[in-house]
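Data block below; observations after.
The values are calculated or read from the model by the stated rules, or taken from the named source; none is laboratory data. What you see is a predicted model; the values in this text were computed from it and never measured. Glycine also receives a Cβ, built like all others from the backbone with ideal geometry; neighbour counts cover every protein chain displayed.
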Amino acid sequence: MNECQRITPALRRVALALMALAATVAATGCTAYKGRIVDGETGAPAADVFVLGRYETGGFIVPAHGCGLEVTKSDARGEFALSGGRMAVALYRRGYSERLPKAEGDLYVIVRDETAIDQRLRFLTGLMDRSQCGAQSMAEHKEALRPLYRAIYDEVRAIGLTPQHWRFVVTARRFLQTLNIGMDAAMENARTASWPEIKELQ
């Protein structure tokens, strides 16, 4: 057996491994994804919009918990990029929501949210909940999530002004406090919260 014959099986195994890796990268979307956000009323680029990207997969490209998460903001041209590839994208700007159904391609349109306060509060706390990818991911993305959580919490606190809304304020505060004091302490504060206490936060 000559040298080439001895090398060929090894090269074949390497080639198969590379093909498997390429297939996994394609399946998980691990290439940069770019999008653009515009104001639905003016058509102008929407700058400084929070962009939350998330995907879940069992592939080995992402961490063991199977959840990829990225937070960024749109630039002056309304453009953003997610280095983790194509994800489920959620947008946040105070008082706005994404126009649905979504525009074609990589264009996102935001409009003023004129829904009822209860519905808006559910959307805001639901957006915070969508960012949950486990304790490991929370620790990894703490600095990126903190300004997003703070912005959402400030809006929730500003519009959740009645006893009927206090549970939303408590929930939003719990998410924010989880980043600052840990999950156990944040959960305990939420458990013992009362309306008079929440009212003092307004």
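The condition of being surrounded by 14 or more Cβ atoms within 10 Å (Cβ to Cβ) and modelled with pLDDT of 95 or more does not hold for Thr115. When restricted to residues that are β-branched (Val, Ile, Thr) and touching a helix residue (DSSP H, G or I) at 6+ places or on another chain (Cβ under 7 Å), the stretch 113-127 contains 2. What pairs come out if I take residues in the stretch 151-165 that are of a type in the set (A, V, I, L, M, F, W, C) and pair them with residues that are surrounded by fewer than 18 Cβ atoms within 10 Å (Cβ to Cβ) whose C-beta lies under 7 Å away, six or more apart or interchain? Short answer, once both residue conditions are applied: Ala151/Arg94; Ile159/Ile117; Leu161/Gln202.
Figure legend. Inter-residue proximity from the stretch 72-93: first residues closer than 20 Å to Thr42 by Cα, second residues in a loop (DSSP other than H, G, I, E, B) and of a type in the set (S, T, N, Q), beta-carbon distance below 7 Å, spacing 6+ or different chains. Indicated pairs: Phe80/Ser74. The helices (runs of 4 or more DSSP H) falling completely within the stretch 119-202 that include 2 or more residues that are among the polar types (S, T, N, Q) map to 135-140, 166-181, 183-192.
Could you please let me know if Lys102 is loosely packed, with under 14 Cβ neighbours inside 10 Å, more than 26 Å from Arg36 (Cα to Cα) and at pLDDT below 90? So Lys102 fails the test.
Val111 passes every criterion in (1) assigned to a strand (DSSP E or B); (2) of a type in the set (A, V, I, L, M); (3) in contact with a His (Cβ under 7 Å, 6 or more places away or on another chain) apart from (3). One residue is enough: does the stretch 132-148 have a residue meeting the conditions buried (at least 19 other Cβ atoms within 10 Å of the Cβ) and either more than 13 Å from the chain's Cα centre (by Cα) or within 15 Å of Arg93 (Cβ to Cβ) (or both)? Yes, the stretch 132-148 contains at least one residue that is buried (at least 19 other Cβ atoms within 10 Å of the Cβ) and either more than 13 Å from the chain's Cα centre (by Cα) or within 15 Å of Arg93 (Cβ to Cβ) (or both).
Of the residues Ile198, Ile152, the single one that is at pLDDT below 95 and either surrounded by 18 or more Cβ atoms within 10 Å (Cβ to Cβ) or not assigned by TED's automatic domain parsing to the domain that holds Ala44 (or both) is Ile198.
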